Amino acid sequence: MHEESGAAAGEPALGPVAYMHRASASELPVVPLSHHLQDFTHTSFGVITTGLTLDRFRLEGSVFNGREPDEKRYSIQFAPLDSWSARLSVAASRNWTAQYSYGRLERPEALEPGSQRRQTASVEYVRPFGNGSWSTSAVWGRVHKELENHNLNSYLLETTANFKSRNYAFSRMELVDKDELFPDNPLLPNFRIGAYTFGGARDLVQGRFEQLALGADLTFYSKASSLDSAYGKNSISFQVFLRVRPPVSDHGH
């Protein structure tokens, strides 16, 4: 089956399912540190995609505007469709899906010059069960910055379990290379940062039109000791949040 699509604002065939749409991240309110190495093109202003589906396999190609939009995202910010990508996906079974994608992005970062080549690979597992579900994703993303001629890698593993209808337990663990921590000193090396999040939530209200939950999480970080003077020796963050959304059928994901 052949498919074509176009959008003034859409997602090209590059990367895994964006984090805010992944079942494995459905209760995680924080953006992954590795977002810009994996799936940030979901906000592209100008996308044309064509694809071919054969049995369990799907091959897609896109041309798009790879530039990151500014903070005024209520407007349509068109630019030349001079970036491209290709993605191969497979639905191995009812529960398992996987993808590999590759693309070249022209001047994607608003605060950095130069173009990038990006590779991503991911595996997602979703399993519904009585009064709940379990979802897990593993994602790898690599960016090659052509101007500096170096690679940045990222690795992410996240999972969310919904059990006894109202309860959620979630976690995200990631390692990501960062080269923008000290923009005034470009001679400093890349730094590998780790973030390890553990949390939970519980639906306080499961109404006809909404689900209201109270949740909390705690994140531990790992980093090079040379960053201690800027970021502290033992970096930890936590948050408490309220989540409101439309009801999910059967309280699953």
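The values are calculated or read from the model by the stated rules, or taken from the named source; none is laboratory data. Please read all numbers here as calculations on a predicted model, not as lab measurements. Cβ sites come from the backbone with ideal geometry, for glycine too, and all protein chains shown count toward neighbours.
Structure notes:
- Of Leu242, Leu218, Leu227, all but one fail to be within 21 Å of Ser135 (Cβ to Cβ) and either in a loop (DSSP other than H, G, I, E, B) or modelled with pLDDT of 85 or more (or both); the exception is Leu218.
- Residue in the stretch 137-148 that is of a type outside the set (A, V, I, L, M), over 22 Å from Ser83 (Cα atoms), modelled with pLDDT of 95 or more and touching a strand residue (DSSP E or B) at 6+ places or on another chain (Cβ under 8 Å) present: yes
- Tally, over the stretch 23-78, of residues that are out of contact with any Pro (no Cβ under 9 Å at 6 or more places or on another chain), more than 30 Å from Val126 (Cα to Cα) and surrounded by 15 or more Cβ atoms within 10 Å (Cβ to Cβ): 1
- The C-beta contact set for the stretch 150-162 (first residue touching a residue at least 24 places away in the same chain (Cβ under 8 Å) and under 13 Å from Gly194 (Cα atoms), second residue surrounded by fewer than 20 Cβ atoms within 10 Å (Cβ to Cβ) and among the basic types (Lys, Arg), distance under 8 angstrom, 6+ apart or interchain) comprises Asn153/Arg142; Ser154/Arg142.
- The residue of the stretch 54-110 that is nearest to Gly10 (Cα to Cα), among those that are aliphatic (A, V, I, L, M), modelled with pLDDT under 95 and more than 20 Å from the chain's Cα centre (by Cα), is Ile76.
- The number of residues in the stretch 197-234 being closer than 25 Å to Leu157 by Cα, surrounded by fewer than 16 Cβ atoms within 10 Å (Cβ to Cβ) and touching a strand residue (DSSP E or B) at 6+ places or on another chain (Cβ under 7 Å) comes to 8.
- Whichever residue in the stretch 129-173 is outside any strand (DSSP E or B), out of contact with any Lys or Arg (no Cβ under 9 Å at 6 or more places or on another chain) and of a type outside the set (D, E, K, R) and, among such residues, is nearest to Val205 (Cα to Cα): Ser165
- For Arg118, the requirement of being within 30 Å of Ser133 (Cβ to Cβ), under 20 Å from the mean Cα position of the chain (by Cα) and in contact (Cβ under 8 Å) with a residue 60 or more places away in the chain is not met.
- One residue stands out in the stretch 151-179 among those that are within 16 Å of the chain's Cα centre (by Cα) and small (Gly, Ala, Ser): the one that is surrounded by the fewest Cβ atoms within 10 Å (Cβ to Cβ), namely Ser171.
- Meets criteria (among the polar types (S, T, N, Q) and closer than 29 Å to Thr160 by Cβ) for Ser85: yes
Per-residue answers, yes or no, for (1) hydrophobic (A, V, I, L, M, F, W, C); (2) under 20 Å from Tyr19 (Cβ atoms):
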| residue | (1), (2) |
| --- | --- |
| Ser101 | no, yes |
| Ser115 | no, no |
| Thr120 | no, yes |
| Asn131 | no, no |
| Ser135 | no, yes |
| Trp140 | yes, yes |
| His150 | no, no |
| Ser154 | no, yes |
| Asn162 | no, yes |
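- Scanning the stretch 123-149 for residues that are surrounded by fewer than 16 Cβ atoms within 10 Å (Cβ to Cβ), in contact (Cβ under 8 Å) with a residue 24 or more places away in the chain and of a type in the set (S, T, N, Q) yields one hit, Asn131.
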